[in-house]
């Protein structure tokens, strides 16, 4: 490999490209774990509105957040293109529902601009830059800023713990179970049918 090729590679940043609404976004490839097709999500009572629920991904129970809700867009049902991007956010795996996920894009550093100065508050922390790719703009996101501090606290109350296959449960039984600690204020209606 020639020195010029190494130099060119060093000037590229790689992102997983996805869309939410009409916009294209990029998440740094190093933070990204995988893209999966939309699947059945287990709903959690009294979870924050942006949390769609949890899924079991090869033994790991992970929360799923809806980026349409987070970005203030009208919700819509899943389509054939709907995907879940699994990424590491502040040390924990999380899934993010997106309208579609396309590919890994490589953007030269000189084609990445700072976020517009008109951004404030949440958007200023969330957007790390704007990548120019052919005739498109790719909004580059800071995954750690997708959730606010209050949302991170709310999400931490959904503390999902998975027991591996063959692990002993509290009563000594073994098997593969997903245990979810629900917030303390969750109540269940009484069953009037009991005698």
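For the reader, a short list of remarks on this structure follows.
- Annotation: the range 3-147 has a Kirkwood hydrodynamic radius of 16.1 angstrom, from the mean reciprocal C-alpha pair distance.
- Computed label-point distance, nm, for sites residue 142 and residue 100 using a 7 Å Cα→Cβ extension: 3.0
- Three-way shape call for the range 23-76 based on the alpha-carbon gyration tensor, with the a/c threshold at 1.5: oblate
Quick note: the coordinates plus some simple rules give every number you see, no bench work behind them. Because the structure is a prediction, the values reported are computed rather than measured. When we count neighbours, we look across all protein chains shown, and the Cβ atoms used for this are built from the backbone with ideal geometry, even at glycine.
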